[in-house]
Every structure is written in structure tokens, then in C-alpha cells.
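Below is one structure; the comments refer to it alone.
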Amino acid sequence: MGQERGSAMVATAFLVLLLLLHSEPASAATYTVGNAGGWTINVASWPKGKRFRAGDTLVFNYATGVHNVVAVNKAGYKTCKTPKGAKVYQTGKDQIKLAKGLNFFICNFPGHCESGMKIAVNAI
């Protein structure tokens with residue numbers, strides 16, 4: 001009886017291991033900001049209707065030297081001003097992981113943010 005019990009425990013452990021190996025954790029999604037149009041003027045409404053999670057990646061596609069992406073706080077978003085120490089992205093193909101909560105991004109080229117080149121994304 002002891003040998004049968006040991007075999008059953010090994011079989012159970014093996015099945016649990018198989019389940020763990022075949023179960024996939026919820027994977028993060030990747031979103032292209034502005035869809036095919038990319039990161040440009042009048043993109044502020046792009047996040048509407050989308051569900052974002054912490055760890056999702058936003059891809060900002062734009063022409064270098066013409067635009068940039070700046071991760072800002074709420075005040076920077078509302079005023080279109082770049083806070084001291086804000087991270088500025090300039091590659092034209094920036095990939096930024098969302099933190100839990102509100103995430104704010106603007107383009108700080110003159111007049112761009114004021115023309116709607118900014119987004120506020122809430123990640124749950």
C-alpha cells in the first residue's frame with residue numbers, strides 16, 4: 001500500500017507541474033498610440049474606450065526631430081509644461097511600460113501639447 005501511495009503522489013506532483021508549465025500568466029498588451037496615424041496632433045482622445053493594465057506597453061511612433069514624448073505628472077499634462085527631471089523620449093519608436101494608476105504623456109515641442117498631442121492613460 002505504501003508503494004501505491006508513493007506512486008500516486010509522484011503522479012499528482014507530475015500533473016501539477018504539467019499544469020503549471022502549460023498555464024500562461026496574463027501577458028501584457030502592446031498598444032500603438034494613435035494607431036496607424038502614430039503619435040501626432042489631436043491624439044488626446046485615443047485612450048478612450050481602451051482598457052489598460054499596469055505592465056502594458058505603449059509604442060509611440062513619430063518623426064524624430066519633429067516630435068518627442070515626455071512622461072509628465074498631472075500638472076504637466078494640464079499645463080503642457082515639462083516638469084523638472086521629466087523623462088524625455090526622442091527615438092521615434094519609443095516603448096513605454098505603463099505603471100499602475102494614471103500615466104501622462106505630452107509632446108513638448110512648442111504648441112504640440114496645446115494642439116492635443118498629449119494622452120492620459122489609467123492602468124489598472
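Restricted to the stretch 31-45, and to residues that are within 17 Å of the chain's Cα centre (by Cα) and assigned to a loop (DSSP other than H, G, I, E, B), which residue is farthest from residue 118 (Cα to Cα)? Restricting to residues being within 17 Å of the chain's Cα centre (by Cα) and assigned to a loop (DSSP other than H, G, I, E, B), the top hit is 38. Please identify the pairs in which a residue from the stretch 68-81 that is touching a residue at least 12 places away in the same chain (Cβ under 8 Å) has its Cβ atom under 7 Å from the Cβ atom of a residue that is in a helix (DSSP H, G or I) and of a type in the set (A, V, I, L, M, F, W, C), counting only partners at least 6 apart or on another chain. Going by the 7 Å Cβ cut-off, the qualifying pairs are 80/113. Among the residues of the stretch 79-96 satisfying the criterion of being surrounded by 13 or more Cβ atoms within 10 Å (Cβ to Cβ) and either in contact with a Cys (Cβ under 7 Å, 6 or more places away or on another chain) or basic (Lys, Arg) (or both), which is farthest from residue 41 (Cα to Cα)? So, considering only residues that are surrounded by 13 or more Cβ atoms within 10 Å (Cβ to Cβ) and either in contact with a Cys (Cβ under 7 Å, 6 or more places away or on another chain) or basic (Lys, Arg) (or both), the one farthest from residue 41 (Cα to Cα) is 81. Would you check if residue 45 is at pLDDT 95 or above, hydroxyl-bearing (Ser, Thr, Tyr) and loosely packed, with under 10 Cβ neighbours inside 10 Å? Criteria met by residue 45. Consider the stretch 64-85. How many of its residues are charged (D, E, K, R) and in a loop (DSSP other than H, G, I, E, B)? Residues that pass the stated criteria total 2. The number of residues in the stretch 97-124 that are of a type outside the set (S, T, N, Q), crowded, with 19+ Cβ neighbours inside 10 Å and within 21 Å of residue 64 (Cβ to Cβ) comes to 8.
Of the residues making up the stretch 82-114, those that are among the charged types (D, E, K, R) and touching a residue at least 24 places away in the same chain (Cβ under 8 Å) are 93, 94, 97, 100, 114.
The values are calculated or read from the model by the stated rules, or taken from the named source; none is laboratory data. The model shown is predicted, which means the values in this text are computed figures rather than measured ones. Glycine also receives a Cβ, built like all others from the backbone with ideal geometry; neighbour counts cover every protein chain displayed.
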